[in-house]
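Student: Pasting a structure here, questions to come.
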Amino acid sequence: MSDLLHRLRGRGWRMTAQRRVVAEVLSGDHVHLTADEVLARATLRLPEISRATVYNTLGELVALGEVAEVATDGRAKRYDPNAHHPHQHLVCSDCGAIRDVRPDGDPLADLPPSERYGFTVAAAEVTFRGRCPDCTGT
């Protein structure tokens with residue numbers, strides 16, 4: 001059973017066939033699918049699943065804090081099931097591929113008090129950008 005499915009069962013989330021398929025599609029490492037990609041993969045497993053059901057389920061998962069929305073450079077939102085493990089993202093500036101990364105250090109510690117302008121900083125999101133091996137041909 002995937003980490004996401006395990007967490008949802010632990011919360012007592014009502015697991016319909018449609019919800020299960022969406023959760024299964026989101027399982028795995030480095031998963032950052034758009035809603036349309038989730039729909040396409042879910043339809044292969046459960047042909048009768050509707051677009052509305054997929055979008056509603058994704059919205060519920062985000063509201064529960066079990067899936068994070070990731071937006072990069074005005075591209076379509078992507079859904080990241082790795083919401084319970086601190087990480088940052090490495091994004092290909094050509095094709096938009098996204099990988100989870102866990103750099104050393106604390107990005108909050110890198111922001112000096114003089115640059116916080118009185119804010120109580122609770123979180124930092126760092127996005128690393130570059131070109132993936134597919135786009136560089138290596």
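The values are calculated or read from the model by the stated rules, or taken from the named source; none is laboratory data. Only a predicted model underlies this, so the values are computations on that prediction, with no experimental measurement involved. Note that we place each Cβ from the backbone using ideal geometry, even for glycine, and neighbour counts take in every protein chain shown.
Student: Can you tell me which residue is farthest from SER2 (Cα to Cα) among those in segment 24-72 that are among the hydroxyl-bearing types (Ser, Thr, Tyr) and modelled with pLDDT under 90?
Tutor: Filtering segment 24-72 for residues that are among the hydroxyl-bearing types (Ser, Thr, Tyr) and modelled with pLDDT under 90, the one farthest from SER2 (Cα to Cα) comes out as THR72.
Student: Report the residue count in segment 114-138 for those that are at pLDDT 90 or above, β-branched (Val, Ile, Thr), in a loop (DSSP other than H, G, I, E, B) and under 25 Å from the mean Cα position of the chain (by Cα).
Tutor: Adding up the residues that qualify gives 0.
Student: Give me the residue from segment 29-52 that is touching a residue at least 40 places away in the same chain (Cβ under 8 Å) and not β-branched (Val, Ile, Thr) and, out of that set, surrounded by the fewest Cβ atoms within 10 Å (Cβ to Cβ).
Tutor: Residue satisfying both the conditions and the ranking: ASP29.
Student: Collect the residues in segment 100-119 that are surrounded by 10 or more Cβ atoms within 10 Å (Cβ to Cβ) and of a type outside the set (A, V, I, L, M, F, W, C), keeping them in residue-number order.
Tutor: Answer for segment 100-119, where residues must be surrounded by 10 or more Cβ atoms within 10 Å (Cβ to Cβ) and of a type outside the set (A, V, I, L, M, F, W, C): ASP100, PRO103, ASP106, PRO107, ASP110, ARG116.
Student: Note down all Cβ pairs under 6 Å where the first residue falls in segment 73-96 and is modelled with pLDDT under 85, the second is in a loop (DSSP other than H, G, I, E, B) and not charged (D, E, K, R), and they're at least six residues apart or on different chains.
Tutor: Here the result reads ARG75/GLY96; ALA83/VAL67, each pair linking segment 73-96 to a residue that is in a loop (DSSP other than H, G, I, E, B) and not charged (D, E, K, R).
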